[in-house]
1. Within the range 578-626, how many residues are part of a helix (DSSP H, G or I) and away from the ligand (no atom under 16 Å from the Cβ)?
2. Hey, does the range 499-510 have a residue that's away from the ligand (no atom under 12 Å from the Cβ) and closer than 30 Å to residue 445 by Cα?
3. For the range 94-118, name all the residues that are in a loop (DSSP other than H, G, I, E, B) and surrounded by fewer than 15 Cβ atoms within 10 Å (Cβ to Cβ).
4. Among residues belonging to the range 122-152 that are touching a strand residue (DSSP E or B) at 6+ places or on another chain (Cβ under 7 Å) and assigned to a loop (DSSP other than H, G, I, E, B), point out the one that is surrounded by the most Cβ atoms within 10 Å (Cβ to Cβ).
5. Could you go through the range 465-474 and let me know if any residue there is away from the ligand (no atom under 16 Å from the Cβ) and assigned to a helix (DSSP H, G or I).
6. Residue check: is residue 514 more than 31 Å from the chain's Cα centre (by Cα), within 16 Å of the ligand (Cβ to nearest atom) and surrounded by 22 or more Cβ atoms within 10 Å (Cβ to Cβ)?
7. Restricting the search to the range 400-416, which residues are away from the ligand (no atom under 15 Å from the Cβ) and out of contact with any Lys or Arg (no Cβ under 8 Å at 6 or more places or on another chain)?
8. If a residue has to be under 26 Å from residue 108 (Cα atoms) and either in contact (Cβ under 8 Å) with a residue 60 or more places away in the chain or not β-branched (Val, Ile, Thr) (or both) to count, how many in the range 187-244 make the cut?
Amino acid sequence: MAAPEPVFRRVAVIGLGLIGGSLASAMRKYRLAGTVVGFDRKAEDAALGVELGVIDEAAGSLEQAVQGSDLIVLAVPVRATRAVLEQIQPFLAEDAVLTDVGSTKSSFIADVEAVFGTLPANVIPGHPIAGSEKSGIRAANPELFAHHKVILTPADSAIPSGVSRLTALWEGTGATVLTMSVAYHDEVLAATSHLPHLIAFSLVDTLAGEDENMDIFRYAAGGFRDFTRIAASDPVMWHDIFLSNRDAVLRVIDHFTQDLDQLRSAIAAGDGATLLRVFSRAKAAREHFSKMLSGQAYVTNNSDKQVTFLMQPGGSVRGDIRVPGDKSMSHRSIMLGALAEGITEVKGFLEGEDSLATLQAFRDMGVTIEGPEDGFVRIHGVGMNGLQAPRGPLYLGNSGTAMRLFAGLLAAQPFDSELSGDTSLSKRPMGRVADPLRAMGAVIDTAEGGRPPLKIRGGQHLTGIHYDMPVASAQVKSCLLLAGLYAEGVTSVTEPAPTRDHTERMLQGFGYHVHHDGATASVTGGGKLTGGAIDVPADISSAAFFLVAASIAPDSDLTLRHVGMNPTRVGVINILRQMGADIEVLEERVIGGEPVADLRVRSASLKGIDIPEDQVPLAIDEFPVLFIAAACAEGRTVLRGAEELRVKESDRIQVMADGLAALGVETTVTPDGIIIDGGQTIGGGTIESHEDHRISMSFAVASLRANGPIRINDCANVATSFPGFVELAKQTGIQISTEGVQ
Ligand code: S3P
């Protein structure tokens with residue numbers, strides 16, 4: 001087979017320092033260029049380049065390097081760029097691509113425009129985010145760019161084939177290529193690279209000038225060494241960078257000095273609370289660095305990750321496990337803890353991406369939150385009126401609960417706020433909360449059709465209303481009760497059917513009176529919350545996957561510990577028992593105002609039933625896995641009155657029906673439910689989970705009764721509600737493995 005064509009025929013690398021030399025040697029090693037010609041102001045470096053095998057040929061002049069090359073890479077110090085451009089311009093072939101590797105992009109564009117009079121379409125600025133404190137051609141390393149990012153900042157007028165070839169070249173070195181605007185690049189780099197270098201240079205210089213300098217350096221601990229490693233970087237290069245990226249760097253220095261001043265004042269004033277707030281926010285930020293880099297605060301944008309579940313058929317489910325903490329209660333523990341006076345300590349907090357999004361949003365509003373560490377979180381409440389305006393939009397990932405409950409809370413704050421989410425959340429209806437909040441006096445803008453993002457205007461005076469909820473939704477109820485804490489007078493909500501009452505229970509636990517009258521809950525605004533201890537039980541919605549798994553798999557016997565048994569959540573147990581499941585409820589107890597029990601579940605032969613409509617809101621999140629139970633049961637299961645399932649993280653009626661069909665199980669979809677005739681053979685196949693965590697986990701459970709392997713696509717979102725699902729499923733006997741990044 002012929003070797004693949006190189007991406008460029010002849011590449012001229014001008015400047016054979018660390019970056020130029022490394023790119024040249026990577027192009028040679030990975031055969032990305034037919035010939036690599038090098039030029040350096042110091043002729044001996046070019047000769048050394050040939051000797052070291054970094055380049056194919058050393059050019060004696062710039063003219064010789066550039067002539068006949070179809071790619072020219074400028075790898076010279078930023079402030080030498082203009083002079084080099086002037087010299088090479090007359091010799092550039094018309095269709096040659098010209099790029100650079102400099103750390104500031106607006107200065108490169110300015111130099112090109114000064115020399116060419118315009119920005120030619122074949123000039124494509126570039127910047128590899130890789131380097132080392134070492135410099136010079138001897139440090140050239142063909143692997144320098146592997147697993148690093150390269151940023152290209154092509155203008156709109158840039159020639160597309162040039163952009164794609166340059167992208168292919170950089171990808172060939174093992175780098176990931178991103179494109180962005182020049183201005184954005186320079187802002188981001190000023191913050192993430194230029195400022196840290198400045199601080200390192202400055203700190204080492206300051207300390208070197210102290211009287212005790214010898215001792216400081218002699219006893220320098222690892223932290224000092226790590227922190228100041230980059231102060232050994234090339235001074236000329238960095239002097240160029242700061243002078244060329246002046247404006248962006250000045251902005252970030254101002255920001256930093258202001259924050260440093262604030263810490264100084266806090267230390268001077270003995271203000272430990274400020275120190276703790278800043279340090280714990282920074283610790284969390286550092287720990288979630290990679291997630292933050294995706295620009296989404298601490299919440300991973302799961303649609304960027306590809307995780308596939310691969311299921312082998314059959315197996316039994318046995319053991320003794322505890323599933324992670326309840327998602328609904330975890331959200332609420334942070335919300336009420338933040339608004340309370342004093343400290344709230346939470347045990348059993350769900351470290352899933354949904355509840356972490358809530359936690360992060362409160363940090364962004366100035367609340368000090370320590371943890372989470374093994375489910376333990378300590379919240380330093382700021383009181384009902386202590387939240388501060390966030391610096392930017394609050395990103396809530398995949399979490400509908402967070403967005404709806406936040407809408408109520410934020411409608412009453414003195415500052416403006418914006419709530420955004422991922423692709424799935426951006427499709428979900430928010431009019432159901434925005435409309436009644438507007439009736440209370442809130443000012444909220446939504447995108448078309450009442451979808452996110454929500455833009456909430458602060459400083460509004462809210463007045464209590466009575467609201468008859470058209471849908472049975474705990475999220476809507478909770479949203480209005482939270483807004484009601486701030487409203488004048490009484491806010492009351494009547495629900496058409498009982499929904500989960502964690503907000504009401506937790507409010508009571510924090511000392512805020514909630515009045516109950518049949519299906520109506522009400523609060524009077526103007527009270528206060530008092531922090532305390534919260535013990536979050538295991539999430540019955542996560543336990544549900546294992547309740548069904550152990551019921552349908554032969555020879556199963558599984559105990560689930562410390563499961564939340566709130567009567568508004570036990571629909572799944574009622575329904576499964578009615579289908580004939582063998583579920584024993586053991587050690588019933590009440591912990592922190594919530595009933596909890598251990599559940600022992602053993603294999604049983606299930607039968608189809610008409611699911612009582614009053615159970616629908618009590619099992620609203622468990623239907624995907626209940627459909628799997630129905631498919632394994634004998635006879636027909638009919639679900640009605642469940643149109644709400646169509647507006648969850650996916651349209652759970654249709655997506656489940658499609659998934660079952662992919663495994664050979666026919667069902668009848670109705671507008672508000674589904675009819676499933678159990679006992680059909682469940683085959684192997686490929687499932688599209690539509691990035692819905694509960695769909696992924698339900699089909700993982702289905703594998704126990706399938707007769708072939710099942711592949712489930714787009715499972716990264718399982719981390720929103722059930723981190724560690726794969727390990728726990730494996731531990732109990734479900735034959736699951738994964739493909740892709742987790
Ligand atoms: C939740 C309420 C339910 C549920 C969701 C969590 C809550 O939504 O589906 O997973 O924590 O209040 P609705 O109340 O909108 O049905």
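The values are calculated or read from the model by the stated rules, or taken from the named source; none is laboratory data. Because the structure is predicted, anything quoted here is derived from the model rather than measured. Here the Cβ is made from the backbone with ideal geometry for all residues, glycine too, and neighbour counts use every protein chain on show.
1. The qualifying residues number 1.
2. So far as the range 499-510 goes, yes, one or more of its residues are away from the ligand (no atom under 12 Å from the Cβ) and closer than 30 Å to residue 445 by Cα.
3. Listed by number, the residues that qualify are 94, 95, 117, 118.
4. The qualifying residue surrounded by the most Cβ atoms within 10 Å (Cβ to Cβ) is 125.
5. Looking for residues that are away from the ligand (no atom under 16 Å from the Cβ) and assigned to a helix (DSSP H, G or I), one finds none in the range 465-474, hence no.
6. Against the criterion (more than 31 Å from the chain's Cα centre (by Cα), within 16 Å of the ligand (Cβ to nearest atom) and surrounded by 22 or more Cβ atoms within 10 Å (Cβ to Cβ)), residue 514 does not qualify.
7. Passing the criteria: 410, 411, 412, 413, 414, 415.
8. Adding up the residues that qualify gives 27.
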